[in-house]
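**Student:** Please see the structure below; I have some questions.
No lab work stands behind these numbers, since they all come straight from the coordinates. Only a predicted model underlies this, so the values are computations on that prediction, with no experimental measurement involved. A quick note on method: Cβ atoms are made from the backbone with ideal geometry, for glycine too, and the neighbour counts reach across all protein chains shown.
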Amino acid sequence: MLEGLFDIKNDKRLSMYLYRMGFSMWLMYLVLGAPAMRTYAHYRTDCGVFALF
């Protein structure tokens, strides 16, 4: 009954969401490396880890 509900193996929407999230985290990683964003530089490592995940 619930087999189709939790079938995330072939879910194209989830794949696209994860791709967009990784790409946006990579962009944030680049932006946080700018000298003007020195205040938020401690979040740069987190964005890098999430981009690789």
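**Student:** Roughly what would the spin-label model give for A34 and L14, points 7 Å off Cα along C-beta, in nm?
**Tutor:** Spacing of the two 7 Å Cα→Cβ label points: 3.5 nm.
**Student:** Among 34-44, 17-27, how do they line up from the highest to the lowest mean number of other beta-carbon atoms within 10 Å?
**Tutor:** 17-27, 34-44
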